[in-house]
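*Asks:* Mind looking over this structure? Questions follow.
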Amino acid sequence: MIPISVCIITKNEAENLKKCLEALHPYPFEVVVTDTGSEDNSLEIARQYTDRVYEFAWINDFSAARNFCISHASHNTILSLDTDEFLHPLDWDALQKALEEHPKALGAIELFSYFDVEGETKHQVVRLERLFNRRCYQFVNPVHEILVPLGTLTATSYDAPVSVDHIGYQGSKEKLKEKAERDITLIRSEIEADPQNPYLYFQLGQGYMLMRDHENALLWFRKAMELGPAPGADYTLALLCNYAGILLDDNLVDEAAAVLPYRDSFADNKDFLCLSGRIYLHMGQPLKALPEFVQALNAPKYSLSAPHTPSYYIGFIYEMFGKRDIARTHYENCGDYPPAVEALKRLDYQ
């Protein structure tokens, strides 16, 4: 068996910490908890689950805290989690096999991030590189930290059989604002040192998105787009969707269409295909929009688009064309999706 240390940094999240540790308890992990200055009973809760509990004086650097935590692990194989991330039931044998097959690669775990929009809970699915050998990688960046290889090793990654729920984007407006303002302050410091990095402007925009400040979010997303984000970067899809989504909401269609040249890079992604379809609809070009939504039906990759999204828009376009029977079929495929339910009622009264 390859022994694994789960390394967690925490501060003032006692309730979440208990849930996080409880989800890990059924498995033979070593658990290492580093507290960065809690004033609640986080330390007491951590010690109920592990004797490897440490304190780290906060220096406005998440990577420093993570690397400190990792340095206190007994094992070289590390799974790095946040306090607000709760492990799904795990296939231990599959995890062991993956580690054996990828001894020097980064394991990208599946993250289900939940957030609330107008009283409705939605989620986004992303993969983040969090499973690794500490002899090969370390964390860098004060905020939105990433793993980079040590020495001359070339980083490679694989999809690890690990899934977690992330609730860090849920909570009161005051809590989310406090978290966003903390991150924005750290990101601005990074931008001063690296002003041509589009990823930093993307994260700055994300901070304002968290506060529901779409005006400032758009300002920084624009800056990220001006710097030309690489199609292969793991943040680019989220940037394109958030940037164009705000523009469509503001009816700035021509600017939103600037993302369309990225289509070839995301032709297998439901999120981007639905976005491009919406752009064409806003441009008054339903015949261009329809193939985008049809292709999205079977697109293998997605992170945010709900399964019903392509069917709803296909129904909407066929309704525009007067093809009510075809429209009805696609609306019915959407289940209880409210806009589709309303569309069916509309068809019944016509």
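*Asks:* Please enumerate, by chain and number, the lysines with C-alpha under 21 Å from the C-alpha of Lys345, excluding those fewer than 8 residues away in the same chain.
*Replies:* The qualifying lysines are Lys323.
*Asks:* A further question follows. Tabulate in residue order the Karplus-calculated ³J(HN,Hα) for region 59-76, using 6.51 cos²θ - 1.76 cosθ + 1.60 with θ = phi - 60°, rounded to whole Hz; enter x for Gly and Pro.
*Replies:* For region 59-76, the Karplus-derived couplings read 10, 6, 8, 5, 5, 4, 5, 5, 5, 4, 4, 4, 5, 9, 7, 7, 10, 7 Hz, x marking Gly and Pro.
*Asks:* Here's a follow-up. Apply the Karplus curve 6.51 cos²θ - 1.76 cosθ + 1.60, θ = phi - 60°, to the phi angles in region 335-343 and return the couplings in whole Hz, x for Gly and Pro.
*Replies:* Coupling constants for region 335-343: x, 9, 4, x, x, 6, 4, 5, 5 Hz.
*Asks:* With a ≥ b ≥ c the root eigenvalues of the C-alpha gyration tensor of region 143-269, is it rounded (a/c under 1.5), prolate (a/b larger than b/c) or oblate?
*Replies:* Values: a/c = 1.40, a/b = 1.10, b/c = 1.27.
Rounded.
*Asks:* Determine the shape class of region 4-169: with a ≥ b ≥ c the square roots of the Cα gyration tensor eigenvalues, call it rounded for a/c under 1.5, and otherwise prolate if a/b is greater than b/c, oblate otherwise.
*Replies:* Working: a/c = 1.36, a/b = 1.15, b/c = 1.19.
Here region 4-169 falls in the rounded category.
*Asks:* Structure shown: which of Lys11/Lys173; Lys173/Lys301; Lys122/Lys270 lie over 26 Å apart, alpha-carbon to alpha-carbon?
*Replies:* Values: Lys11/Lys173 19 Å; Lys173/Lys301 31 Å; Lys122/Lys270 16 Å.
Pairs exceeding the cut-off: Lys173/Lys301.
*Asks:* Using the alpha-carbon centroid of each, what span in Å lies between region 202-222 and region 87-109?
*Replies:* Going from one Cα centre to the other spans 34 Å.
*Asks:* Would you mind computing, in nm to one decimal, how far apart the modelled labels at Arg188 and Asp51 are, each placed 7 Å from Cα along Cα→Cβ?
*Replies:* Here the modelled spin labels are 4.6 nm apart.
*Asks:* Looking at region 4-169 only, what percent of DSSP beta bridges run antiparallel? Nearest 5 please.
*Replies:* Antiparallel: roughly 50 percent of the beta bridges in region 4-169.
*Asks:* Can you tell me the orientation of helix 270-282 relative to the chain, as the angle in degrees between its alpha-carbon axis and the longest Cα principal axis, to the nearest 10?
*Replies:* The helix 270-282 is inclined about 40 degrees to the chain.
*Asks:* May I pose another question? About the Cα centre of the chain, what is the dipole size in debye to 20, counting +1 per Lys and Arg Cβ and -1 per Asp and Glu Cβ, all else neutral? Numbers along the way, then the final one.
*Replies:* Values: 32 positive and 51 negative charges, 131 e Å.
Using only the charged Cβ atoms, the result is roughly 640 debye.
*Asks:* Assign one of three labels to region 44-139, namely rounded, prolate or oblate, based on the Cα gyration tensor with a ≥ b ≥ c the square roots of its eigenvalues; rounded applies when a/c is under 1.5, prolate when it is not and a/b is larger than b/c, and oblate otherwise.
*Replies:* oblate
*Asks:* Given Cα pairs under 8 Å that are at least 6 residues apart, what percent is the relative contact order of region 203-304?
*Replies:* Working: 104 pairs, mean separation 20.0, N = 102.
Once normalised by length, the contact order is 20 percent.
*Asks:* About its Cα centre, what dipole magnitude does region 157-267 give when the only charges are +1 on Lys and Arg Cβ and -1 on Asp and Glu Cβ, stated in debye to the nearest 20?
*Replies:* Rounded to the nearest 20 debye, it is 200 debye.
*Asks:* As an exercise, use a Förster radius of 35 Å and the Cβ-Cβ distance of Val148 and Glu255 to find the FRET efficiency, rounded to the nearest 0.05.
*Replies:* Values: r = 34 Å, r/R0 = 0.97.
Here the calculated transfer efficiency is 0.55.
*Asks:* Please list, in chain and number order, the residues 5+ apart from Ser157 or on another chain whose amide H is under 5 Å from its amide H, with Hs placed from the backbone.
*Replies:* Amide H to amide H, under 5 Å and 5 or more residues apart or across chains, Ser157 pairs with Leu106.
*Asks:* Out of all Cα-Cα pairs in the chain, roughly what percent, to the nearest whole number, are more than 34 Å apart?
*Replies:* Working: 20185 of 61075 pairs.
For the chain, the share of Cα pairs beyond 34 Å comes to 33 percent.
*Asks:* Additional query: What's the exposure ranking of Arg134, Arg263, Arg346, going from fewest to most Cβ atoms within 10 Å? Working shown, then result.
*Replies:* Values: Arg134 20, Arg263 15, Arg346 12.
Exposure proxy ranking, most exposed first: Arg346, Arg263, Arg134.
*Asks:* Assuming R0 = 45 Å, can you tell me the calculated FRET efficiency for the pair Tyr27 and Ala155, based on Cβ-Cβ distance, to the nearest 0.05? Working shown, then result.
*Replies:* Working: r = 27 Å, r/R0 = 0.59.
The formula returns an efficiency of 0.95 here.
*Asks:* For Asp264 and Asn41 in one chain, what is 0.36 nm times their gap in residues minus the Cα-Cα distance, to one decimal in nm? The partial results should precede the final answer.
*Replies:* Working: separation 223, 0.36 × 223 = 80.28 nm, distance 5.07 nm.
In short, 75.2 nm is gained.
*Asks:* Can you work out the Karplus-derived ³J(HN,Hα) for every residue in region 211-218? Use 6.51 cos²θ - 1.76 cosθ + 1.60 with θ = phi - 60°, whole Hz, and x for glycine or proline.
*Replies:* With the stated coefficients, region 211-218 comes to 8, 6, 9, 6, 5, 6, 4, 4 Hz.
*Asks:* Let me ask something else about it. Amide H of Ile4 versus every other amide H placed in the peptide plane: which residues, excluding those fewer than 5 positions away on the same chain, fall under 5 Å?
*Replies:* Glu30
*Asks:* Right, something else. At 222 nm, what value in deg cm²/dmol follows for the chain if DSSP H runs of at least 4 each add -39500 (n - 2.57) and the sum is divided by all its residues, to the nearest 500?
*Replies:* Working: 14 runs with 162 residues, N = 350.
When only DSSP H runs of four or more count, the value is -14000 deg cm²/dmol.
*Asks:* Can you list residues whose amide H is under 5 Å from Thr83's amide H, if they're 5+ apart or on another chain and H is modeled 1.01 Å from N?
*Replies:* Sorted by chain and number, the residues that satisfy this are Ile9.
*Asks:* Okay, next question. Let's test the formula: R0 of 41 Å, r as the Cβ-Cβ distance of Ser71 and Glu342. What FRET efficiency results, to the nearest 0.05? Spell out each step's value before the answer.
*Replies:* Working: r = 56 Å, r/R0 = 1.37.
It comes out at approximately 0.15.
Just so you know, all these numbers are worked out from the coordinates, no wet-lab data involved. Given the structure is predicted, the values throughout are model-derived calculations rather than measurements. All Cβ positions, glycine included, derive from the backbone under ideal geometry; neighbour counts span all protein chains shown.
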